[in-house]
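A.B. asks: Got a structure for you, questions after.
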């Protein structure tokens, strides 16, 4: 094949690819305008009214035994409801909705102390508290070989985030910290968003029932949760072994120091 024919074929292929890409973009935009945007607007109106009523009524929900990992949290109150569509505190053009964020706080009285020993245990605990946005205080300059006293305040946010997956023409719902500091992600086709579903989400949000999660959780999600629990348990075992090893080393050093004091010739022995 001559060079001109090769270039002609390459140009034709590029034009075809460009046409295909433009067709895909047009279809995605059509899906957004005709299906996704109306569903997002419906969701926003529902959630905005819900939050307005909760704030006006000063609706507070009592939560018993929120966390088995941190039973020290005790009884919490769910309050301070907020909503935004810009990811901060404001609202975007309702014709360009890409996200809806509903959040509130779980708060309790006072604080409690978590004791962790060893670099790995301390760093993991601090990373977890940061990730879950749990308020805490500790002295980062303290020795990692000593026990770290981390003061944890009974306050953390819970969020429900509706997010447009533009490329897949879907709507994702990310739920964070609602229960046991866990995270859920659920995917909906736009036509699935109706009053019944939104009411079900609201009931779950207000802890009226848990069917929204229990009935729709997939086998893979169950496996993922089980895997996270297994990993957490394994980490706890490793941390405990490290603590025991460090305590053993400290004990051996203390014994050597004691023996050297009672027998000054011991330290000269090989």
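The values are calculated or read from the model by the stated rules, or taken from the named source; none is laboratory data. All of these numbers come straight from a predicted model, not from anything done at the bench. In this analysis, Cβ positions are derived from the backbone assuming ideal geometry, glycine residues included, and neighbour counts consider all displayed protein chains.
A.B. asks: Within region 103-143, which residues are surrounded by fewer than 16 Cβ atoms within 10 Å (Cβ to Cβ) and over 21 Å from residue 157 (Cβ atoms)?
C.D. replies: 113, 115, 119, 120, 123, 139, 140, 141, 142, 143
A.B. asks: Check residue 68 against each of (1) closer than 21 Å to residue 161 by Cα; (2) out of contact with any strand residue (DSSP E or B) (no Cβ under 6 Å at 6 or more places or on another chain) and name the one condition it does not meet.
C.D. replies: The one condition residue 68 does not meet is (1).
A.B. asks: If you check 59, 53, which single one turns out to be outside any loop (DSSP other than H, G, I, E, B), surrounded by fewer than 17 Cβ atoms within 10 Å (Cβ to Cβ) and over 20 Å from the mean Cα position of the chain (by Cα)? First the steps, then the outcome.
C.D. replies: Working: 59 fails: outside any loop (DSSP other than H, G, I, E, B).
Within the list 59, 53, the selection yields 53.
A.B. asks: Another question about this same structure. Which of the following residues is closer than 23 Å to residue 191 by Cα and over 29 Å from the mean Cα position of the chain (by Cα): 25, 14, 42, 48? I'd like the intermediate steps shown before the answer.
C.D. replies: Numbers: 14 fails: closer than 23 Å to residue 191 by Cα; 42 fails: over 29 Å from the mean Cα position of the chain (by Cα); 48 fails: over 29 Å from the mean Cα position of the chain (by Cα).
Unique residue meeting the criteria: 25.
A.B. asks: Examine region 30-41 for a residue that is assigned to a loop (DSSP other than H, G, I, E, B) and surrounded by 10 or more Cβ atoms within 10 Å (Cβ to Cβ), and state whether such a residue exists. Let's see the steps before the verdict.
C.D. replies: Step one: filter region 30-41 for residues assigned to a loop (DSSP other than H, G, I, E, B), giving none.
Checking region 30-41: not a single residue is assigned to a loop (DSSP other than H, G, I, E, B) and surrounded by 10 or more Cβ atoms within 10 Å (Cβ to Cβ).
A.B. asks: Pick from 25, 30, 42: which is modelled with pLDDT of 85 or more and assigned by TED's automatic domain parsing to the domain that holds residue 190?
C.D. replies: 42
A.B. asks: Filter region 83-102 down to residues that are closer than 24 Å to residue 55 by Cα and surrounded by fewer than 15 Cβ atoms within 10 Å (Cβ to Cβ), then give me how many there are.
C.D. replies: The qualifying residues number 9.
A.B. asks: Could you tell me whether any residue of region 63-82 is surrounded by 11 or more Cβ atoms within 10 Å (Cβ to Cβ), touching a helix residue (DSSP H, G or I) at 6+ places or on another chain (Cβ under 8 Å), at pLDDT 95 or above and outside any loop (DSSP other than H, G, I, E, B)?
C.D. replies: Checked against the condition, which is being surrounded by 11 or more Cβ atoms within 10 Å (Cβ to Cβ), touching a helix residue (DSSP H, G or I) at 6+ places or on another chain (Cβ under 8 Å), at pLDDT 95 or above and outside any loop (DSSP other than H, G, I, E, B), region 63-82 yields at least one hit.
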